[in-house]
Amino acid sequence: MKPARLRVLKLSDVWVWTAEAENLVVLGKELVSRGHEVIVGCTAGTPLAERAAAAGLEVVAVPGLRSVSPFAFAKAVSAVRRLIRERVPDVVHTYRSPVHVIASPSSRPASSSSLTITCRPPFASMSTIE
């Protein structure tokens, strides 16, 4: 039996090229090679955005990911909520705790299926919203 195709939204707020960004792109490319759909949500114009696009991954700009301003936070939550509603991912994978905080209130399933939100260590957590 062929495994189900997943739609994965990977969110990161890195603004320079880091091991986190490298991991996101390498894992994203591998997922695509296995038949899954990967959407990278990040700040426009960053090395992550540029290298992910160059690697053939779909990149969507998410404003407000890097700011501590409450207004920017609200803007980021709104952008992620809209992205989840429009693209209906099966998995939202965040790479750092601040982005996990943005994704969590944004993530209400757009369908009857559940949505899994994961965060990489060191602040690893996992929550499923049904």
query: With respect to the numbered conditions (1) modelled with pLDDT under 95; (2) crowded, with 19+ Cβ neighbours inside 10 Å; (3) in a helix (DSSP H, G or I), which one is the sole condition not fulfilled by F71?
result: (2)
message: V14 - would you say it is on the phi < 0 side of the Ramachandran plot and in a loop (DSSP other than H, G, I, E, B)?
response: yes
query: Could you say whether any residue in region 1-9 is in a loop (DSSP other than H, G, I, E, B), at pLDDT below 95, within 14 Å of P89 (Cβ to Cβ) and touching a His at 6+ places or on another chain (Cβ under 8 Å)?
result: yes
E50, sole failed condition from (1) modelled with pLDDT of 95 or more; (2) in contact with a helix residue (DSSP H, G or I) (Cβ under 7 Å, 6 or more places away or on another chain): (2)
- prompt: Of all residues in region 85-99, which are surrounded by fewer than 17 Cβ atoms within 10 Å (Cβ to Cβ) and of a type in the set (A, V, I, L, M)?
  reply: V88, V91
task: Could you grab the pairs with beta carbons closer than 6 Å, sequence gap of 6+ or different chains, first residue in region 56-80 and free of Cβ contacts under 8 Å to residues at least 60 places away in the same chain, second one surrounded by 15 or more Cβ atoms within 10 Å (Cβ to Cβ) and acidic (D, E)?
output: L65/D13; R66/D13
query: In region 39-59, which residues are closer than 18 Å to H100 by Cβ and either in contact with a Lys or Arg (Cβ under 9 Å, 6 or more places away or on another chain) or in a loop (DSSP other than H, G, I, E, B) (or both)?
result: I39, V40, G41, C42, T43
- prompt: Is it fair to say R66 is under 12 Å from S12 (Cβ atoms) and in a loop (DSSP other than H, G, I, E, B)?
  reply: yes
- request: Tell me, please, whether a residue that is among the polar types (S, T, N, Q) and touching a Gly at 6+ places or on another chain (Cβ under 9 Å) can be found in region 40-47.
  value: yes
query: Out of curiosity, is R81 at pLDDT 85 or above, part of a helix (DSSP H, G or I), under 12 Å from the mean Cα position of the chain (by Cα) and more than 14 Å from V8 (Cα to Cα)?
result: yes
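The values are calculated or read from the model by the stated rules, or taken from the named source; none is laboratory data. The model shown is predicted, which means the values in this text are computed figures rather than measured ones. Methodologically, a virtual Cβ is constructed for each residue, glycine included, from the backbone with ideal geometry; neighbour enumeration extends over all protein chains shown.
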